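J.: Below are the structure tokens for one structure; questions will follow.
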Amino acid sequence: MAKTVTPGAIAMLLSNPSPDSTSEIAEIIVQVVDLKPIGSSTTRFTFMASDGKMKIKAMLPTHLSSEVNSGKLQNLGLIRILDYTCNTIPNQTDKALIVTKCEVVSPALDHEIKSEAEETSTLLKPKEESVPKSAAQIVHEQRINAAPAARLSMTRRVHPLCSLNPYQGNWTIKVRVTNKGNLRTYKNAKGDGQVFNVELTDEDGTQIQATMFNEAAKKFYPKFELGKVYYISKGTLRLANRQFKTVQNDYEMNLSENSIVEEAQGEGAFIPETKYNFVKVDQLGSYVNGREVIDVIGVVQNVSPTLSVRRKSNNETIPKRDITIADDSNMTVVVSLWNDLATTIGQELLELVDKAPVVAIKALKVGDFQGVSLSTLSKSTVQINPDLPETKAIRSWYDSKGKDVTMAPIASTLSSISTKTGQRSMYSDRVYLSHITNDQTLGQEKPVFFSIKAYVSLIKPDQAMWYRGCKTCNKKVTEAVGSGYWCEACQKNDDQCSLRYIMVMKVSDSSGEAWVSVFNEHAEKIIGCSADELYRIKSEEGEEKFQLKLKEATWIPHLFRVSVSLSEYMNERRQRITVRAQAPIDCSAEMRYMLEEITKISIS
């Protein structure tokens, strides 16, 4: 059969701009003309849809970008439109065609088709010989034969999420609630209010975040249930705020009290479950203190008892529980579970920890406490042993070799810390000490990070440079009544404890000096032994050997990644500099850095 367009295709599209069902759409083949990306995007494309006589501006949804990038859908090629919507362009009389589903009929032709209607009508033939039926007959037969739940979906026009945009009129979507946040209160200049979010996923796997405020939040919070499928209409879209978005979508949805939300009974099987974007533990450094939330999956190694933490903002006491997880990068990270997750899921994990369960956690904030740490948010979800391919893979790794491997905390091996702007190595944000000490406003609102090259010039031997820590959780222990040591975090007595460094050192460079706080992992690398070993030297070999060991650690250059913040002591605000990462000098890397700096000076 000769390859060409459907005569009058554009007129057919315009005469039925929003078909109620795909069964109403006759065979429509158009030519793709002037195919090009929208701006600098690699996922959104626009083109002119042509039937040889008429043209209409058209857009492809993001899920069809792979067809363009792979070269399957080409300029001057032919496509068969299977589903679409025609929207009015704001402030114009023209309409735009949103192609939501299509198939490629032909790659690029050698010319643009400009044929007569008579010629095209003789070239086009139906795909198969059959008794012709009207669209109304087809729809009627399908509705009669369909199950009750399916009949419901056929009575409305369901739009895929990828086809929605802020300029669209009425639409209805069918989505599963794959994440539901808590109902939260807030205060601003307009007064008090309430808000909550849900993450919605359609059958193509496309996700969008929907937000409800005040009356809408009160109305829909009890209606939305995690895992259920709903029809939603009468919402609005706007560009997503990157600071708060948790899914990969350029838009976010707002639902008002006038929006319509109806549960789709018996249709859950058609919509995918929660979608994850897992990050390996050894890759967490690139997300520290960034605005982006991440998902992780790993084997639970340790679970602490529930602790009570008092909020500074309102003095409210909230429950917290820490769990340690590991993955096949052979590294571990501590995840803090807050509020209900600490008391429900956390308690369940405490009972299962001996069986090393796999957990998948969605929407975690990456912080810099003890180097790298993870914390749950109000919208976080935790699944134990979920039915996922990643669960089987990590279980197989752990059972075969992971349980016998010595795991390293991600913080102890981190030689770089990162922010939203990208990787921050020991050779970025490099400053002299004077840059930090001369600016007492640094870290006023939140900690700021710098890299420095400095010498350890003094370690005071008379300071309290260690504490007694629990061998299980490393938290501080006290001497128990009778014998042993009591750990408040683990709620147990232990015969032994370990000493862990917590000390200050003076560091110096060519511009000045400063006192820095150093914790156990980094202090061990600087001094060259553990706190237990240093204590043994002091108690068994004497004060002279002890001070000699400290002196040997001085006047050696190091690369430090430090955080700078302001703390209050005796009603006086003081600058606090804390070592977050440490590395020895790499001479070749240092030379490359210096050459780059010299080049910058030459150019300027």
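The values are calculated or read from the model by the stated rules, or taken from the named source; none is laboratory data. This is a predicted model, so every value here is computed, not measured. Glycine gets a Cβ as well: all are built from the backbone with ideal geometry, and neighbour counts include every protein chain shown. Keep in mind that these areas ignore ligands, DNA and RNA; they rest on the heavy atoms of the full protein, side chains included. Shrake-Rupley method; radii C 1.70, N 1.55, O 1.52, S 1.80 Å.
J.: Where does each of 80-88, 179-187 land if you order them by average Cβ count within 10 Å, highest first?
T.: Going by the mean number of other Cβ atoms within 10 Å, highest first, we get 80-88, 179-187.
J.: Compute the distance in nm between two label points, each set 7 Å from the Cα along the Cα-to-Cβ direction, one at LYS460 and one at CYS587.
T.: 3.6 nm
J.: If ligands, DNA and RNA are left out, what is the accessible area of LEU14 with a 1.4 Å probe, given in Å² to the nearest 10?
T.: 70 Å²
J.: Follow-up. Can you give the accessible area of HIS111, probe radius 1.4 Å, in Å² rounded to 10?
T.: Using a 1.4 Å probe on the heavy atoms, I get roughly 100 Å².
J.: Using a 7 Å offset from the Cα along the Cα-to-Cβ direction at both ARG238 and GLU533, what is the distance between the two label points in nm, to one decimal?
T.: About 5.9 nm, to one decimal.
J.: Of the listed pairs LYS95/LYS228; LYS320/LYS492; LYS355/LYS401; LYS362/LYS492; LYS190/LYS223, which have alpha-carbon separations greater than 24 Å here?
T.: Values: LYS95/LYS228 35 Å; LYS320/LYS492 18 Å; LYS355/LYS401 16 Å; LYS362/LYS492 31 Å; LYS190/LYS223 27 Å.
Pairs exceeding the cut-off: LYS95/LYS228; LYS362/LYS492; LYS190/LYS223.
J.: Let me ask something else. Sorted by accessible area with a 1.4 angstrom probe, largest first, how do LEU97, LEU548 fall?
T.: These residues rank, largest area first, as LEU548, LEU97.
J.: Now for a different question. Starting from the residue with the highest accessible area, list LEU595, LEU76 in decreasing order, probe 1.4 Å. The partial results should precede the final answer.
T.: On the way: LEU595 110, LEU76 40 Å².
Greatest to least solvent exposure: LEU595, LEU76.
J.: Given the Cα-Cα distance of SER602 and LYS219 and 0.36 nm per residue of separation, how much length would full extension add, in nm?
T.: 131.5 nm
J.: Counting only heavy atoms of protein chains, what accessible area per residue, in Å², does region 417-528 have with a probe of 1.4 Å?
T.: 54 Å²
J.: Just the number, please: carbon plus sulfur as a percent of the accessible area of region 447-604, 1.4 Å probe, no ligands or DNA/RNA counted.
T.: Carbon and sulfur atoms account for 51 percent of the accessible area of region 447-604.
J.: If you roll a 1.4 Å probe over region 19-105 with all protein chains in place, what percent of the accessible area is carbon or sulfur?
T.: Details: 1910 of 3870 Å².
Carbon and sulfur together cover 49 percent of it.
J.: Same structure, new question: Along Cα→Cβ, 7 Å out, is where each label goes; now give me the distance between the ones at GLU390 and ILE38 in nm to one decimal.
T.: 2.9 nm
J.: Once the whole set of protein chains is in place, how much accessible area is left on GLU262, using a 1.4 Å probe, in Å² to the nearest 10?
T.: For GLU262, the solvent-accessible surface is approximately 80 Å².
J.: How would region 443-570 be classified by its alpha-carbon gyration tensor: rounded, prolate or oblate, with rounded meaning a/c under 1.5 and the a/b versus b/c comparison settling the rest?
T.: Numbers: a/c = 2.51, a/b = 1.37, b/c = 1.83.
Since a/c reaches 1.5 but b/c is at least a/b, the shape of region 443-570 is classed as oblate.
J.: Remind me, what semi-axes does region 520-564 give for its equivalent ellipsoid, largest first in whole Å, using sqrt of 5 times each Cα gyration tensor eigenvalue? Walk me through the numbers on the way to the answer.
T.: Details: eigenvalues 105, 30, 10 Å².
Rounded to whole Å, the semi-axes are 23, 12, 7.
J.: Going from most exposed to least, what order do ARG395, ARG157 have by accessible area with a 1.4 Å probe?
T.: Solvent-accessible surface, decreasing: ARG395, ARG157.
J.: Okay, moving on. What part of the accessible area of region 313-365, given as a whole %, is carbon or sulfur when the probe is 1.4 angstrom?
T.: Values: 1030 of 2140 Å².
Ligands and nucleic acids excluded, carbon and sulfur give 48 percent.
J.: What is the gain in length, in nm to one decimal, between GLU552 and ASN69 on full extension, counting 0.36 nm per residue of separation less the C-alpha to C-alpha distance?
T.: Stretched out fully, the GLU552 to ASN69 stretch lengthens by 167.9 nm.
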